[in-house]
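A short worksheet on the structure shown next.
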Amino acid sequence: MKKRIAIFASGSGSNAQKIMEHFKRSSEAEVVLILTNNPQAYVLQRADNFEVPSHIFSRHEFYDTDNVIRLLKNLQVDLIVLAGFLWLVPGSLLNAFPNKIINLHPALLPKYGGKGMYGDHVHQAVLAANEEESGITIHFVNEQFDEGEILHQSRFKIEPGDNLEMIKFKGQQLEHQHFPRVIENLLKKMKS
Ligand code: GAR
């Protein structure tokens, strides 16, 4: 049986798209659901384009009910992928899917992680610190923002004169290139 992936995203969903593209013709795994807290998120359009079902949830539903957990269990989800998802994952969801939730972060953790460190805020902090390199981190999720065990990092050089858009672009290229492959390798290692 194919491994079943659910993706949480809060915004554009370009990574969700790359993952859906990657597994569209795979015999190993499939994306079975896109979940978002944001009814305006463009990721919903992308899910439609790939004919992947989606679910929008409220803060109350996510933190005070078991609806999302039940939905994921009913769909027999094997791996939960956070791809630009900005809310902290509640303990109940972590307990329901131990070692089965991973996150993408646009910097080289443990630097530039934690609450409030997402998207452009991360790149701005990297620029302000005059770093010579940045990169991406894919890690398991625990109760703290950006602190679980690291699965993968790739890095790029920051050239003199690189601005926020340039750093964002370089990071996004790495994300799109590596995230689907890291997911595929992890699924291969997971027992069914
Ligand atoms: C990605 O760059 C991801 O690393 C970042 O949000 C972006 C989502 O882009 N995630 C975080 O900042 C989490 N702390 P996308 O919606 O186009 O995939």
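Those residues that are of a type in the set (A, V, I, L, M, F, W, C), modelled with pLDDT of 95 or more and crowded, with 16+ Cβ neighbours inside 10 Å, I need them from the stretch 126-150; list them, please. Even if it seems obvious, please write down each step before you answer.
Going through the stretch 126-150, the residues of a type in the set (A, V, I, L, M, F, W, C) turn out to be 126-129, 136, 138, 140-141, 145, 150.
From what's left, modelled with pLDDT of 95 or more: 126-129, 136, 138, 140-141, 150.
If the condition is that a residue be of a type in the set (A, V, I, L, M, F, W, C), modelled with pLDDT of 95 or more and crowded, with 16+ Cβ neighbours inside 10 Å, then V126, L127, I136, I138, F140, V141 are the ones that fit.
None of L86, L109 is hydrophobic (A, V, I, L, M, F, W, C), under 15 Å from the mean Cα position of the chain (by Cα) and surrounded by fewer than 19 Cβ atoms within 10 Å (Cβ to Cβ) except L86.
When residues in the stretch 164-178 are screened for being in contact with a strand residue (DSSP E or B) (Cβ under 7 Å, 6 or more places away or on another chain) and of a type in the set (D, E, K, R), 2 of them pass.
Taking the stretch 76-88 as the range and being within 24 Å of K2 (Cβ to Cβ) and out of contact with any helix residue (DSSP H, G or I) (no Cβ under 9 Å at 6 or more places or on another chain) as the test, the residues that pass are Q76, L82, F85.
Checking the stretch 64-77 against the condition returns a match, with at least one residue being closer than 22 Å to H152 by Cβ, surrounded by 14 or more Cβ atoms within 10 Å (Cβ to Cβ), modelled with pLDDT of 95 or more and away from the ligand (no atom under 14 Å from the Cβ).
Candidates in the stretch 12-31 are the residues that are over 22 Å from G119 (Cβ atoms) and among the polar types (S, T, N, Q); of these, the one that is farthest from the ligand (Cβ to nearest atom) is S27.
The values are calculated or read from the model by the stated rules, or taken from the named source; none is laboratory data. Nothing here was measured: the structure is a model prediction, and the numbers come from that model. A quick note on method: Cβ atoms are made from the backbone with ideal geometry, for glycine too, and the neighbour counts reach across all protein chains shown.
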